[in-house]
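**Q** Sharing a structure below in structure tokens format, with a few things to ask.
The values are calculated or read from the model by the stated rules, or taken from the named source; none is laboratory data. Model, not experiment: these values are computed from the prediction. Note that each Cβ is placed from the backbone with ideal geometry, even for glycine, and that neighbours are counted across all protein chains shown.
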Amino acid sequence: MKTIGHWINGTAAAPSDPSRLGPVFDPARGVQTAEVTLASPADVDTAVRAAVEAARTWGASSLSQRATLLFRLRELLDGSRDELAAAIAAEHGKVHSDALGEVARGIECVEFACGIPHLLKGAHSSEVSRGVDVHTELHPVGVVAGITPFNFPVMVPLWMLSNAIACGNTFVLKPSEKDPSASLLLADLVTRAGFPPGVFNVLQGDAEAVRGLLAHPDVDAISFVGSTPVARSIYETGTAAGKRVQALGGAKNHMVVLPDADLDAAANAAISAGYGSAGERCMAISVVVAVGDIGDRLVEAIAARIPDVVVGPATDESSQMGPLISAEHRDRVRSYVQRATDEGARVVVDGETAGRPDGYFVGCSLVDGVKPGMRVYDDEIFGPVLSVVRVDTYDDAIALINDNQYGNGVALFTRDGGAARRFTRQVDVGMIGINVPIPVPVAWHSFGGWKASIFGDAPIYGPEGIRFYTRPKVVTSRWPETAAVSAVDLVFPAN
Ligand code: NAD
């Protein structure tokens, strides 16, 4: 059986303990296809030392060199879209067209980073006082560790590594152990683009590798994306160790439908955003909030569309929705639908296993009459289960969303511009879609939720990514020939 290993210092690296292995599955067939190496503390140290060594020269590389290599990486990624999508589909299970979308959004982040000479321009103030100038320079932080979730094995690493290495840092990626192969394709492309050895390293592993990275004194910054409990713990442990940490967590995203909304557009959006990637997206819609009298018509319109969703493996081009990541996750997702009736909700559609008991498939499910306090509402299910909460008024919808512990994404469907503007201002959520169900910001804005969807104050990629991966130096200078007078002066300097 194939073993998926580390990539350290520009080459495949043997693990220090070859017996630490984890299984990798094809979720569409429910069979193990590979083993992944699980790093021990010695491997963590090897990867971090390679990154420390590379940072000495990479941190001092010219901006034009970095931009040239990033442009090359962009071209190589562009030529590898299908290969990357196939690797994602084989271990994650999402269908090829969806995997291509993920790759495209990742490439967008590299395109943003290609503008690094402009992004690192800093700021200059001339003549702040007589003969005195001030400028700000942006320097790399050092060694960055990126810890990523299973659901976007190409895009989320690219969210991080593109800006991190563009800013002159070196990077150690600890990908999800559930779908690790794509990380090695990325390593191959980064190497072929000409980045020096040690600038980008892949450390395969599980929680033990993460603990090693958190404890390592030479890791300067941590970018984490994953579930809320792990995000919280990584933020607390990493910052206590003096590291810079950004930690993005889980979600429960609401889609509010006002009575004036285009019903077909709202129903189509609920299907697309609720069941795309089998609901395994942190920006998936999991709660539809029907306001006023639109509830019955909306539930009917969503239910009528469910039979048209083609559930199947990525190898079948007609498939629109693939399996879940694992057997345990399939059973957990199913349990929410099975329990919903006992909780007082109404199961309108139970997708069961979509008639495919062999893989980790779950069909599209729709649950009406859901309320806070029910597990189906309170928990992040991360599967193709749409809940419908009915409320009387717009204000009830706002209160529902703002009471929820998460604040990642939200959508509003309406034709009323005034309501949309009010919604944008009143809702306590980081990313808002107005008649757009999955408002993942483009790469030149930044991505980040509010409340328990993020820990720390650093959203990811875009301008915030540049801020996170750099440390400013502010230089105040005066040259002797321009100094009018040189004298002893003990007063605090004022302009
Ligand atoms: P996860 O938290 O289980 O794992 C994420 C990473 O952390 C993996 O690399 C994993 O190996 C590691 N890890 C797991 N348990 C750990 C522990 N106890 N200690 C240290 N490290 C640990 O998340 P997942 O199941 O891979 O991904 C799904 C979750 O990620 C969902 O909650 C989803 O909402 C969230 N997510 C959030 C965003 C976002 O941008 N906010 C994006 C994608 C996914």
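**Q** Any idea which of (1) in contact with a Gly (Cβ under 8 Å, 6 or more places away or on another chain); (2) within 30 Å of I116 (Cα to Cα); (3) within 15 Å of the ligand (Cβ to nearest atom) is the one R478 doesn't satisfy?
**A** Going through the list (1) in contact with a Gly (Cβ under 8 Å, 6 or more places away or on another chain); (2) within 30 Å of I116 (Cα to Cα); (3) within 15 Å of the ligand (Cβ to nearest atom), R478 breaks only (3).
**Q** Sticking with this one: I'm told A215 meets every condition in (1) away from the ligand (no atom under 15 Å from the Cβ); (2) surrounded by fewer than 20 Cβ atoms within 10 Å (Cβ to Cβ) except one. Can you identify the failing condition by its number?
**A** Condition not satisfied by A215: (1).
**Q** Filter the stretch 219-236 down to the residues that are of a type in the set (A, V, I, L, M) and under 16 Å from the mean Cα position of the chain (by Cα) and list them by number.
**A** Matches in the stretch 219-236: I222, V225, V230, A231, I234.
**Q** Are any residues in the stretch 218-231 within 10 Å of the ligand (Cβ to nearest atom) and either part of a helix (DSSP H, G or I) or touching a Lys or Arg at 6+ places or on another chain (Cβ under 8 Å) (or both), and if so, which ones?
**A** T228, P229, V230, A231
**Q** Within the stretch 147-158, how many residues are assigned to a helix (DSSP H, G or I) and closer than 20 Å to A47 by Cβ?
**A** Here the count works out to 3.
**Q** Could you tell me whether V410 is within 15 Å of the ligand (Cβ to nearest atom), modelled with pLDDT of 95 or more and not aromatic (F, W, Y)?
**A** The answer is yes for V410.
**Q** Right, next: State the number of residues belonging to the stretch 441-472 that are more than 16 Å from the ligand (Cβ to nearest atom) and either of a type outside the set (D, E, K, R) or not assigned by the TED database to the domain that holds D220 (or both).
**A** Here the count works out to 6.
**Q** Right, L185: more than 10 Å from the ligand (Cβ to nearest atom), assigned to a helix (DSSP H, G or I) and in contact (Cβ under 8 Å) with a residue 24 or more places away in the chain or not?
**A** yes
**Q** Another one. Is it the case that some residue within the stretch 274-282 is crowded, with 20+ Cβ neighbours inside 10 Å and basic (K, R)?
**A** Checked against the condition, which is being crowded, with 20+ Cβ neighbours inside 10 Å and basic (K, R), the stretch 274-282 yields at least one hit.
**Q** Within the stretch 132-145, how many residues turn out to be of a type outside the set (V, I, T) and surrounded by 24 or more Cβ atoms within 10 Å (Cβ to Cβ)?
**A** Going through the stretch 132-145 one residue at a time, the tally reaches 2.
**Q** Here are some residues: L69, L77. Which one is in contact (Cβ under 8 Å) with a residue 60 or more places away in the chain and under 23 Å from the mean Cα position of the chain (by Cα)?
**A** L77
The rows are residues; the columns are (1) surrounded by 17 or more Cβ atoms within 10 Å (Cβ to Cβ); (2) at pLDDT 95 or above.
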residue	(1), (2)
P323	yes, yes
H329	yes, yes
Q338	no, yes
T341	no, yes
G351	yes, yes
P357	no, no
Y360	yes, yes
G363	yes, yes
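**Q** Can you run down the residue pairs with Cβ atoms below 6 Å, 6 or more apart or on separate chains, where the first is in the stretch 219-238 and under 16 Å from L203 (Cα atoms) and the partner is more than 6 Å from the ligand (Cβ to nearest atom) and hydroxyl-bearing (S, T, Y)?
**A** none
**Q** Given the residues A86, A60, which is the only one that is assigned by the TED database to the domain that holds G168 and within 23 Å of the chain's Cα centre (by Cα)?
**A** A86
**Q** Another question, if that's okay. May I ask you to list the residues in the stretch 183-205 that are farther than 19 Å from S16 by Cα and of a type in the set (S, T, N, Q)?
**A** Result: S183, T191.
**Q** For the stretch 242-277, what are the residues that are away from the ligand (no atom under 14 Å from the Cβ), farther than 27 Å from Q320 by Cβ and of a type in the set (G, A, S)?
**A** Once the filter is applied, which keeps residues that are away from the ligand (no atom under 14 Å from the Cβ), farther than 27 Å from Q320 by Cβ and of a type in the set (G, A, S), the stretch 242-277 yields only G242.
**Q** Part of a loop (DSSP other than H, G, I, E, B), over 24 Å from R56 (Cβ atoms) and small (G, A, S), is that true of G198?
**A** no
**Q** Let me ask something additional. Condition first: of a type in the set (K, R) and surrounded by fewer than 18 Cβ atoms within 10 Å (Cβ to Cβ). Now tell me which residues in the stretch 8-59 satisfy that.
**A** If the condition is that a residue be of a type in the set (K, R) and surrounded by fewer than 18 Cβ atoms within 10 Å (Cβ to Cβ), then R29, R49, R56 are the ones that fit.
**Q** Checking R390 against (1) under 21 Å from M431 (Cα atoms); (2) in contact with a helix residue (DSSP H, G or I) (Cβ under 7 Å, 6 or more places away or on another chain); (3) not β-branched (V, I, T), which test does it fail?
**A** That leaves (1) as the condition not met.
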